[in-house]
Amino acid sequence: MERDEYLERLEATAETPDDLFEHVEERSTAGRTHHVLTAARHGVERGTVIVEETETIVRGYPSIPRVLVLDPGVPSFFDDGENVVIEEKLDGFNVRIAAVDGEPLAFTRSGYVCPYTTGRARDRLPLEDFFVTHPEKTLCAELIGPETPYSTHDYEEIDTHEFRVFDVRDRESGEPLSVVDRRRLCEEYEFAQPRLFGRATPSDAVGPTRAAIEELDAAGREGVVLKSGDGERLVKYTTETQHHEELAYAFSLPFDHGRDFVFSRIVRDAFQAAEFDADDDRLEERAHDLGESILRPMVSAIRAVEAGETIGERHTVRGDPETIGALLEHLREQSLTIDLESDRRADGERVLEFVKVAESSRDRIRYYLDGGTR
Ligand code: ATP
């Protein structure tokens, strides 16, 4: 198929195919050539994949804007007549599962086919049944739990990892199902979904959202995504615990995360404090926690490098030996340095603990510890 036909099918706003295709990277995965959009451009989402062999387009997942204050952020984001649905936002990683030529594949946000996630999705979800009836749909899910190769947030109710389907979209246009239809369809196939806190008109949604955030914060969970009933408009808002957890993570690998990452989390927390923390004691407590989430992890990182330990993101994964092998290869292809910490068998599965080595942080900390100057 010609490039201008793809431009048309994508409904891209680019004037010429080259305008769009200059941001497209060619990758070879699962035995096929995939063209992947590496950044959101011309109305097309980052991670959008074109599989030329089968002429399939798998649309990327859209970026979700964030409000920094609930009032008036929420009522002004939605239109007056809209019905707002409050759903839990889970902390894992975004997976799009789509059937390419009948074969279900799990794409990461940036458009890689992850062999591990694909294997787990096929094991844990009734994908064959679903795609026989809905071949043109994409399941958008979060893979959560302590044992995933990309995220580490713990959920009390999850021992290893599980999928939660938070959206079902048209594979090519990205058009979502309404929240009601999606929840019903997921129930039909027994796909687990994020918790639904309730529905409200935009002007009445602030109170229940705040109550949901307080409950989630107390439970150490991430936050909410508010959705218009038709599933088209999404906005997110997160808890104090989440802001501090992400800061602690960034400062545990201080020279691997951009300053924007850190600054944006502090800004979120400051706006939340201004809106929520009416009394001084509450603000004092937040300030204390914020400081701890910055200083303690960074001091630990310095001490770890001093002691000659590896620093980086630690992950545990389990699965059949072939899939685990393919995952390691997949991570190394992305130029990550992987240190294996343990490799064992349990109940016929290979269980691997590894570290994605944070080389920039390790090297910079070492340099300063050796007396280097800034
Ligand atoms: P952006 O949305 O701007 O690209 P990001 O990649 O940093 O930002 P997050 O801040 O984590 O992403 O927020 C969006 C992600 O939240 C979605 O891509 C999805 O993976 C995840 N998510 C978790 N729960 C839900 C939910 N209930 N509804 C929609 N998305 C959810």
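The values are calculated or read from the model by the stated rules, or taken from the named source; none is laboratory data. In this text, all values refer to a predicted model and were calculated from it rather than measured experimentally. Note that each Cβ is placed from the backbone with ideal geometry, even for glycine, and that neighbours are counted across all protein chains shown. Areas reflect the complete protein model, heavy atoms only, side chains present, ligands, DNA and RNA absent. Shrake-Rupley method; radii C 1.70, N 1.55, O 1.52, S 1.80 Å.
Only one of ALA205, ALA218, ALA200, ALA211 is closer than 30 Å to GLY81 by Cβ and surrounded by fewer than 17 Cβ atoms within 10 Å (Cβ to Cβ). Can you tell me which?
Answer to the selection: ALA211.
Contact annotation: residue pairs with Cβ atoms under 7 Å, 6 or more positions apart or on different chains, pairing a residue in the stretch 14-36 that is outside the structural domain of HIS330 (by TED's automatic domain parsing) with a partner that is open to solvent by 60 Å² or more (accessible area, probe 1.4 Å) and part of a strand (DSSP E or B), are LEU20/ARG41; HIS23/ARG41; THR33/GLU26; HIS35/GLU26; VAL36/GLU25.
Considering the stretch 101-114 alone, what residues qualify as being out of contact with any Ser or Thr (no Cβ under 6 Å at 6 or more places or on another chain) and more than 16 Å from the ligand (Cβ to nearest atom)? Matches in the stretch 101-114: GLY102, GLU103, PRO104.
Taking the criterion of being under 25 Å from the mean Cα position of the chain (by Cα) and either closer than 28 Å to VAL113 by Cα or part of a helix (DSSP H, G or I) (or both), would at least one residue in the stretch 281-290 satisfy it? Checked against the condition, which is being under 25 Å from the mean Cα position of the chain (by Cα) and either closer than 28 Å to VAL113 by Cα or part of a helix (DSSP H, G or I) (or both), the stretch 281-290 yields at least one hit. Is one or more of the residues making up the stretch 140-151 under 14 Å from the mean Cα position of the chain (by Cα), free of Cβ contacts under 8 Å to residues at least 60 places away in the same chain, assigned to a loop (DSSP other than H, G, I, E, B) and surrounded by fewer than 23 Cβ atoms within 10 Å (Cβ to Cβ)? There is at least one residue in the stretch 140-151 that is under 14 Å from the mean Cα position of the chain (by Cα), free of Cβ contacts under 8 Å to residues at least 60 places away in the same chain, assigned to a loop (DSSP other than H, G, I, E, B) and surrounded by fewer than 23 Cβ atoms within 10 Å (Cβ to Cβ). Candidates ALA39, ALA98, ALA121: the one that is of a type in the set (Gly, Ala, Ser), within 16 Å of the ligand (Cβ to nearest atom) and part of a strand (DSSP E or B) is ALA98.
Could you pull out the residue among GLN193, GLN272 that is surrounded by 14 or more Cβ atoms within 10 Å (Cβ to Cβ), modelled with pLDDT of 95 or more and part of a helix (DSSP H, G or I)? It would help to see each step written out before you state the result.
Details: GLN193 fails: part of a helix (DSSP H, G or I).
Only one candidate passes the filter, namely GLN272.
Given the options VAL49, VAL44, name the one that is in contact (Cβ under 8 Å) with a residue 60 or more places away in the chain and either within 16 Å of the ligand (Cβ to nearest atom) or within 26 Å of VAL235 (Cα to Cα) (or both).
Details: VAL44 fails: in contact (Cβ under 8 Å) with a residue 60 or more places away in the chain.
The unique qualifying residue is VAL49.
Comparison of VAL224, VAL206 shows that the only residue that is in the same structural domain as ASP80 (by TED's automatic domain parsing), of a type in the set (A, V, I, L, M), closer than 22 Å to PRO75 by Cα and within 16 Å of the ligand (Cβ to nearest atom) is VAL224. The set of residues in the stretch 2-55 that are at positive phi and surrounded by fewer than 18 Cβ atoms within 10 Å (Cβ to Cβ) comprises GLU11, ALA30, GLY31, HIS42, GLY43, GLU55. Within the stretch 225-263, which residues are open to solvent by 40 Å² or more (accessible area, probe 1.4 Å), touching a residue at least 60 places away in the same chain (Cβ under 8 Å) and closer than 14 Å to ALA212 by Cβ? Across the stretch 225-263, the qualifying residue is only LYS236.
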